[in-house]
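Here is the structure we will look at, set down as structure tokens.
The values are calculated or read from the model by the stated rules, or taken from the named source; none is laboratory data. Since this is a predicted model, take the numbers as computed values, not measurements. Note that each Cβ is placed from the backbone with ideal geometry, even for glycine, and that neighbours are counted across all protein chains shown.
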Amino acid sequence: MRALRPATFAFLALILILPGITVGADQKDQKTVTRETVTIEGHGKGTKTVTTYGNFTETRIEAGDYSLFTKKRGKMQGSFGEMEAQLVERQEKVGDTLVGLYITTSDLEPLTTSVPYLDGKKHGLYKEEWWGQTIARGQYDHGKRVGEWMREGDIFENYDSQGQLHGESRSLDTAGNLIELKTYNHGVLDGPYKKLSRGKLQTAGMYKNGKKSGQWQEIAPYKGTKSIGSYRDGERQGAWKFYDRNGYLSKQATYEEGEYNGPLYELREDGSLASIEIWKDGKRQGYPTYYDK
């Protein structure tokens, strides 16, 4: 699918600073605040306030229903080297509607997210940057994700023109290792699925039109018990085998449309038979039969 070209946006408003009209400047708690009268095309006269403190400079412009806020950070030194001066926050609004480029940065780490807005909807190139390096990117089209979405160089999601997931969708851990793979057909799960933990396969099977189908392996979270069998239209069907967390076969059962239907065998770790139950249409018939070692 052809990805949209990154949208480019000019500032919504033309800002004219009227020279010589400084409302005031003061210093308090090591902050410097200056104010000027400005004219915003289409919105009339307003105020520009610039606040400088530490390594940051904040600028706020307000005129009628228009507002623009930016925050810049100077050069900084960290364990990963020096980061150049950077625009870390930007928000532009007309009334309550976001327009233009929106930028936000985490308070806990140098993770910056940016995306343009058009009439209150994300539209254009979305980016995540960590320590100045792009780690994720993708395209929005009037609020919908479209095309390929990347994380650290790998395609991890694909979207069709309607903003629905299409093709492979991959979840990665912080080291870039696969932890989950889903396959979509225009927003519906359809195709291979697998889930891994520390590189080991946990769950695997196929979806067909949004429902589990065919042979599956499933491992219960936290318990570590494994089950192997088949699905039909999202329901367990036919013979299933269950294994305990040590890998020993612990149970065998037969399903019909997701319900027990037939003999159910419970086994001990040494493989000997512990009990038998007979089921029909999800209901147990009579009492279990127990066997001594």
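Here are the numbers for this structure:
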{"quantity": "Counted residues, the stretch 270-293 - those being among the charged types (D, E, K, R) and not in a strand (DSSP E or B)", "calculated": "4"}
{"quantity": "Complete set of residues in the stretch 34-67 that are on the phi > 0 side of the Ramachandran plot and under 34 Å from the mean Cα position of the chain (by Cα)", "calculated": "G54"}
{"quantity": "In the stretch 172-186, residue surrounded by the most Cβ atoms within 10 Å (Cβ to Cβ) [restricted to those that are farther than 17 Å from E152 by Cα and not hydroxyl-bearing (S, T, Y)]", "calculated": "K182"}
{"quantity": "Residue match in the stretch 169-183 (condition: assigned to a loop (DSSP other than H, G, I, E, B), over 22 Å from Y117 (Cβ atoms) and of a type in the set (A, V, I, L, M))", "calculated": "yes"}
{"quantity": "Sole residue being farther than 30 Å from D119 by Cβ and among the basic types (K, R), chosen from R151, R198, R137, R145", "calculated": "R198"}
{"quantity": "Subset of the stretch 227-269 [closer than 16 Å to Y290 by Cβ and part of a loop (DSSP other than H, G, I, E, B)]", "calculated": "R268"}
{"quantity": "Some residue of the stretch 207-214 being at pLDDT 95 or above, exposed (fewer than 13 other Cβ atoms within 10 Å of the Cβ), in a strand (DSSP E or B) and out of contact with any helix residue (DSSP H, G or I) (no Cβ under 6 Å at 6 or more places or on another chain)", "calculated": "yes"}
{"quantity": "The one condition in (1) in a strand (DSSP E or B); (2) among the aliphatic types (A, V, I, L, M); (3) closer than 28 Å to Y140 by Cα; (4) modelled with pLDDT under 95 that M1 fails to fulfil", "calculated": "(1)"}
{"quantity": "Strands (runs of 3 or more DSSP E) within the stretch 44-94 that include 2 or more residues over 24 Å from W130 (Cα atoms) and at pLDDT 95 or above", "calculated": "44-53, 56-63, 66-73, 86-94"}
{"quantity": "Restricting the stretch 148-166 to residues that are closer than 14 Å to K127 by Cβ and not acidic (D, E), the residue that is farthest from the chain's Cα centre (by Cα)", "calculated": "G153"}
{"quantity": "Yes/no for G224 being surrounded by fewer than 18 Cβ atoms within 10 Å (Cβ to Cβ), in contact with a strand residue (DSSP E or B) (Cβ under 7 Å, 6 or more places away or on another chain) and not in a strand (DSSP E or B)", "calculated": "no"}
{"quantity": "Filtered residue count, the stretch 193-203, keeping only those that are surrounded by fewer than 17 Cβ atoms within 10 Å (Cβ to Cβ), part of a strand (DSSP E or B) and over 20 Å from the mean Cα position of the chain (by Cα)", "calculated": "2"}
{"quantity": "Residue check, A253 of a type in the set (G, A, S), surrounded by fewer than 17 Cβ atoms within 10 Å (Cβ to Cβ) and over 30 Å from R151 (Cα atoms)", "calculated": "no"}
{"quantity": "Members of the stretch 115-127 found to be crowded, with 18+ Cβ neighbours inside 10 Å and closer than 18 Å to Q86 by Cα, listed by number", "calculated": "V115, P116, Y126"}
